[in-house]
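Scroll down for the structure; my scribbles are underneath it.
The values are calculated or read from the model by the stated rules, or taken from the named source; none is laboratory data. Fair warning: this is a prediction, and the values are worked out from it, not measured in the lab. A quick note on method: Cβ atoms are made from the backbone with ideal geometry, for glycine too, and the neighbour counts reach across all protein chains shown.
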Amino acid sequence: MKFFNFHLMPYRHADLDAIEKNGSAWVTFSNSHYDPKKGGDLYHEYLDQMELADRLGFDGVCLNEHHQTAYGMMPIPGVLAGALARSVKRAKIAILGRALPLVNNPLTIAEEYAMLDNLTRGRFIAGFVRGIGAEYHAMGINPVVSQERYAEAHDLIIRAWTEPGPFVYKGKHYHFNYVNPWPRPYQDPHPPIWIPSQGSSSTIRWAAQKRYTYAQTLSPIATVARFFQMYRDEAEKAGYTASPDQLAWSNTIYVADTDEKAMREAKPHLEALLNRFLKKSSVEMLLPPGYTNIESMKRVRAAKVNAKPSTIEDLVKQGVVIVGSPNTVREKLAEYQDLAGFNTSLTKTQFGSLPDDMTRANMTAIAEEILPHFRDRLPQGRPAVAAE
Amino acid sequence: MANHSTSMISVRGCNIKLMRGGSGTPLLFLHGASGAGAWLPFMEALAARFDVIVPEHPGFGDSESPDWFDNIHDLAYFYLDFLQQLDLERVHLAGISLGGWTAAELAIRDTKRLASLTLIDAAGIHVPDVPQFDPFIVSEEQRIRGFFHDQSKADEMIARVVRPETEDVIMKNRIAAARVAWQPRGYDPDLHKWLHRIDVPTLLIWGANDRLFPKEYASAYQKLIPGSKAVIIPECGHIPQVEKPDAVVTEMTAFIDQMKIAA
């Protein structure tokens, strides 16, 4: 299994009571709560953690994009990927991903990713997402055309990377007389493309058809297993057998000497992530009109209406996160790998308000106690779960 | 109510719902972002004097969502086709909110089939430095609360409208509304430049307490549409035809009567 250190770069000094009072850490949570002196230090703290991940032997580091939120300080992840391109010497650098529909010129993403691919001499992984619903409030982009814009931007970027320029592109949302980006990607034909998703069946089908690596965001392991089986089924329909390397599980791992100590230490920071940083004030903020079809919207609405605040005990039980002693974490991770059939773990080692010393201790424990046991381990047995 | 019919009609290949009642000169009413809904008391009252025609816009409620529906201009041209197909002349055109915006977009293009224009708490233009309630970031219940000055009337509407069986149509309407009004939020940056083209008598009816398009919008429209008359209804929010139906019917009828005398 491959391990990536996935950082959300939360503004971990955020006043959690103020978030609770505002009802959300997104869009309407005033940036007057952001202290640039603390923020500047946090960027360096987090970049140092990414560089530590490289030295500790993680296979890669991951960044992502969110706007107008204390949940993550990476509206422009390419800035941080650029900062890491020369200091992360060995590991891959993944942006999971840039939200294509949010830009009015997708060629800027083709350019940015190609630059990073050159700068890292081919250690770059290109993630494409639509952004979560809140992004459409923050960025003033119409959610009704989000799916159309994503599809069109994706096609344009791939063509820009693979067809000799200049060529003419006239779409519904994007129009260019000259498509001819310099530089071209370093990797041939282009960097690997990874598709993170909350589990939309149309996204899973599309990713499988394109043979893109599918990354499942924060979900109970049983759900993850079902979505990964869906991907394998779609791959078979498309005429090939998917490899476990095409499936990545985005999780959170916290390791301490004993289960009890790990749970106690992780609890406030993990619960802050789930119940404060991730909180949206209304379903409408998370799911603006047209962001997804009416059926999916109703499903998510029903789930959200019944959602209770998450506790670490629930998250561990459902296999959303793995927290415990080295032995417990090894057992759970092996069990989950065999259940869901993935071969990449996108692991948040820092989460919520977790401070630097605890994050570094966690990263070191994972590198020493977990990674070596999984280096050559593939999913074993037949995946036990059938897709719906 | 008995005095109206509901049917589906096809306008240049697009199937839409049409409610129609009363007789007299035609009065075409264009609904707002919540869809055409039911035949309401103000429609019934107007039907005593007019042939009241209430289509449901493409993309909304029971109407079809055609592939060509991308923006407010598409709706404006659709209703020009609609007037032509039904061969309506000397039409009193009225619209609320998003429907008022559509009516204004139609009127800057062509008024030859219009006798008058009534804009009720209309979207369509932007007035700087006037805070506006954002109906898209809140729940359906909070959205309805934002419409009303009198919150007891909001309670009634919430009880009537926000039910599990209406979830699909509420979402369909919100998608259609977002399609035309998400960005820029509820206006067309070019509309204000051409409102001087409206050459039919124009009435602006506004709720004094509208939080979505506050009464400054009535003043702005009045400056932009030559000879237009503005009426501000006290203690009334964004949807006067529901919150103060009698006042709306009285003002519209009086305006049209006075127009006839002047002519």
* To do: Please report, ordered by residue number, the strands (runs of 3 or more DSSP E) entirely within the stretch A:88-181 with at least 3 residues that are not hydrophobic (A, V, I, L, M, F, W, C).
  => A:92-99, A:175-179
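Listed here are the residues, each with its yes/no results for (1) among the β-branched types (Val, Ile, Thr); (2) out of contact with any strand residue (DSSP E or B) (no Cβ under 9 Å at 6 or more places or on another chain); (3) in a loop (DSSP other than H, G, I, E, B); (4) in contact (Cβ under 8 Å) with a residue 12 or more places away in the chain.
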site: A:203; (1), (2), (3), (4): yes, no, no, no
site: A:207; (1), (2), (3), (4): no, no, no, yes
site: A:214; (1), (2), (3), (4): no, no, no, yes
site: A:257; (1), (2), (3), (4): no, yes, yes, yes
site: A:263; (1), (2), (3), (4): no, no, no, yes
* Answer with yes or no whether residue A:167 is in contact (Cβ under 8 Å) with a residue 12 or more places away in the chain, among the hydrophobic types (A, V, I, L, M, F, W, C) and closer than 17 Å to residue A:112 by Cβ. => no
* **Total residues in the stretch A:123-147, condition at the interface with chain B (Cβ under 10 Å from one of its Cβ atoms) and either over 24 Å from residue A:279 (Cβ atoms) or without any contact (Cβ under 8 Å) to a residue 60 or more places away in the chain (or both)** => 5
* **Residue among A:254, A:240 that is modelled with pLDDT of 95 or more and buried (at least 24 other Cβ atoms within 10 Å of the Cβ)** => A:254
* Name the residues in the stretch A:322-341 that are closer than 27 Å to residue A:230 by Cβ, surrounded by fewer than 23 Cβ atoms within 10 Å (Cβ to Cβ) and among the small types (Gly, Ala, Ser), would you? -> A:334
* To do: Determine, yes or no, whether residue B:186 is within 14 Å of chain A (Cβ to nearest Cβ), on the phi > 0 side of the Ramachandran plot and of a type outside the set (Phe, Trp, Tyr).
  => yes
* Asked: Consider residue A:89 against the criteria (1) under 26 Å from residue A:5 (Cβ atoms); (2) within 14 Å of another protein chain (Cβ to nearest Cβ): it satisfies all of them except one. Which criterion is unmet?
  -> (2)
* Structure fact -> residue A:144: passes all of (1) surrounded by 20 or more Cβ atoms within 10 Å (Cβ to Cβ); (2) under 19 Å from the mean Cα position of the chain (by Cα) but (2)
* Pair list, Cβ under 8 Å, 6 or more apart: the stretch B:195-219 residue among the aromatic types (Phe, Trp, Tyr), other residue outside any loop (DSSP other than H, G, I, E, B) and surrounded by fewer than 22 Cβ atoms within 10 Å (Cβ to Cβ) -> B:206/B:230; B:206/B:231; B:206/B:232
* Among the residues of the stretch B:3-13, write down those that are out of contact with any helix residue (DSSP H, G or I) (no Cβ under 7 Å at 6 or more places or on another chain) and part of a strand (DSSP E or B). => B:5, B:6, B:7, B:8, B:9, B:10
* To do: Identify, from the list B:51, B:62, the residue that is within 30 Å of residue B:139 (Cβ to Cβ), of a type in the set (Asp, Glu) and touching a Lys or Arg at 6+ places or on another chain (Cβ under 8 Å).
  => B:62
* Asked: Among all residue pairs at least 6 apart or on different chains, which show Cβ distances below 7 Å where the first residue, located in the stretch B:159-178, is more than 8 Å from chain A (Cβ to nearest Cβ) and the second is part of a helix (DSSP H, G or I)?
  -> B:161/B:144; B:162/B:140; B:162/B:141; B:170/B:140
* Which helices (runs of 4 or more DSSP H) sit wholly inside the stretch A:273-380 and have at least 1 residues that are under 18 Å from the mean Cα position of the chain (by Cα) and within 14 Å of chain B (Cβ to nearest Cβ)? -> A:283-286
